[in-house]
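Novice: The structure that follows is given in the form of structure tokens.
The values are calculated or read from the model by the stated rules, or taken from the named source; none is laboratory data. Just so it is clear, the structure is predicted and the values come from calculations on it, not from any experiment. Heads up, the Cβs are rebuilt from the backbone with ideal geometry, glycines too, and the neighbour counts pull from every protein chain shown.
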Amino acid sequence: MNRPHDPASPATPPVAPAPYPAPTTRARLRVEIAIVLGLSLGASAVYSVLSIVNRLTQQTALSQQTATLNSPLSSREFFDLAYQVLGVAVDLVPVLLVAFLLWREERPHLGRLGVDFSRAGRDTLGGVGLALAIGIPGIGLYLVGKALDLTVTVVPTNLGEHWWTVPVLLLSALRAGVTEEVIVVAYLFARLRDLGWRTWPIIVTAALLRGSYHLYQGFGAFVGNVVMGVAFGWLYVRFGRVLPLVVAHVLMDAAVFVGYPWAATTFPTLFGLPS
């Protein structure tokens, strides 16, 4: 026979809530970084190192070799456009991955990546100024590198003259700016801080990574991008905002991609193909 419930008797203890997940371990963070870089610019760095070894073991001087940044992907115009747009979209997936990994509930949701649009106007103006400060000396370094046979002849584009050529080149510039600054600066800085790294080792490591995936363009490009990486890294640490870096990078690449046909025609000795 069931006994009546006694109000004075202690209630049945509630089921204990499931424990929170354990904090991310250092080993797990290292694996995460390796996966993110392996899907993005770390893989580019490996290919770039292999490329410069290939170039150096050829009989042709570096300055007489070429590296084309935006090439046709199909002889049929519609499919070329489709492949170009698809390539940009696929290359931005690792950016979505790091945004997912560092998303937080409170606003700004992407604060750990230095993404905050509350001062977008000021950040954009800062990016314009930074593009001028970095871009103009960068052109000079490229020309010096070619003269010293340390840099290949970079051909920013050999896409045909289509109605979509300029928009695709601008998308390509956007891809480079967003991918490099969000992953190499914002994401990598956040995760290396989580691992306990100090500021300057983070800045130098990120700058060397930036230089390494540009090695396929020669040693002048490596040095120039390392210097740019140090400057960008210091600015990011100083202000904690990635948008000015993205704006500067996009503007510099857009100017080079879109302005190349004019530059190669106007100054063929400096920017044209090797004779």
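Novice: Being over 25 Å from Val178 (Cβ atoms), in a helix (DSSP H, G or I) and either touching a helix residue (DSSP H, G or I) at 6+ places or on another chain (Cβ under 6 Å) or modelled with pLDDT under 95 (or both) is the requirement here; does Ala27 meet it?
Specialist: yes
Novice: Moving to a separate point now. Among the helices (runs of 4 or more DSSP H) contained in the range 216-275, which hold 2 or more residues that are among the β-branched types (Val, Ile, Thr) and within 20 Å of Thr205 (Cβ to Cβ)?
Specialist: Passing ranges, in order: 219-239.
Novice: Quick test for you: out of Gly224, Gly211, Gly220, Gly127, pick the one residue that is more than 30 Å from Val85 (Cβ to Cβ), crowded, with 20+ Cβ neighbours inside 10 Å and in contact with a helix residue (DSSP H, G or I) (Cβ under 7 Å, 6 or more places away or on another chain). Give the steps one after another, and end with the answer.
Specialist: On the way: Gly224 fails: more than 30 Å from Val85 (Cβ to Cβ); Gly211 fails: more than 30 Å from Val85 (Cβ to Cβ); Gly127 fails: more than 30 Å from Val85 (Cβ to Cβ).
Exactly one residue qualifies, and that residue is Gly220.
Novice: Something else now. Could you tell me whether the range 202-225 includes any residue that is closer than 22 Å to Val36 by Cβ, more than 16 Å from the chain's Cα centre (by Cα) and not aromatic (Phe, Trp, Tyr)?
Specialist: The answer is no, given that none of the residues of the range 202-225 is closer than 22 Å to Val36 by Cβ, more than 16 Å from the chain's Cα centre (by Cα) and not aromatic (Phe, Trp, Tyr).
Novice: Name the residue, out of Val256, Val204, Val250, that is among the β-branched types (Val, Ile, Thr), more than 16 Å from Ser48 (Cβ to Cβ) and in contact with a strand residue (DSSP E or B) (Cβ under 9 Å, 6 or more places away or on another chain).
Specialist: Checking each option against the conditions leaves just Val256.
Novice: Considering only residues that are part of a helix (DSSP H, G or I) and touching a strand residue (DSSP E or B) at 6+ places or on another chain (Cβ under 7 Å), look in the range 137-184 and name the one that is farthest from Val115 (Cα to Cα).
Specialist: That would be Lys146.
Novice: Any idea how many residues of the range 137-160 are among the charged types (D, E, K, R) and either under 22 Å from the mean Cα position of the chain (by Cα) or within 14 Å of Val227 (Cβ to Cβ) (or both)? Spell out how you get there, then give the answer.
Specialist: From the range 137-160, those among the charged types (D, E, K, R) are 146, 149; that's our starting set.
In the following step, the residues that additionally are either under 22 Å from the mean Cα position of the chain (by Cα) or within 14 Å of Val227 (Cβ to Cβ) (or both) were identified as none.
Selection size over the range 137-160: 0.
Novice: Return the residues of the range 109-121 that are surrounded by 11 or more Cβ atoms within 10 Å (Cβ to Cβ) and farther than 12 Å from Val242 by Cα; say none if nothing qualifies.
Specialist: His109
Novice: Going by the structure shown, is Val242 within 15 Å of Thr179 (Cα to Cα) and crowded, with 17+ Cβ neighbours inside 10 Å?
Specialist: Yes, satisfied.
Novice: Something else now. Condition first: of a type outside the set (Ser, Thr, Tyr), surrounded by fewer than 16 Cβ atoms within 10 Å (Cβ to Cβ) and within 23 Å of the chain's Cα centre (by Cα). Now tell me which residues in the range 54-86 satisfy that. Break it down stepwise before answering.
Specialist: Within the range 54-86, the subset of a type outside the set (Ser, Thr, Tyr) is 54-56, 58-59, 61-62, 64-65, 67, 69-70, 72-73, 76-82, 84-86.
If we keep only those that are surrounded by fewer than 16 Cβ atoms within 10 Å (Cβ to Cβ) as well, we get 54, 56, 58-59, 61, 64, 73, 76-79, 82, 85-86.
Within the range 54-86, Leu73, Ala82, Val85, Leu86 qualify.
Novice: Looking for something in a helix (DSSP H, G or I), of a type in the set (Ser, Thr, Tyr), at pLDDT 95 or above and over 14 Å from the mean Cα position of the chain (by Cα) - is there at least one such residue anywhere in the range 190-199?
Specialist: Yes, some residue in the range 190-199 is in a helix (DSSP H, G or I), of a type in the set (Ser, Thr, Tyr), at pLDDT 95 or above and over 14 Å from the mean Cα position of the chain (by Cα).
Novice: Filter the range 75-94 down to the residues that are of a type in the set (Gly, Ala, Ser) and either modelled with pLDDT under 95 or closer than 14 Å to Glu161 by Cα (or both) and list them by number.
Specialist: The one that is of a type in the set (Gly, Ala, Ser) and either modelled with pLDDT under 95 or closer than 14 Å to Glu161 by Cα (or both): Ser75.
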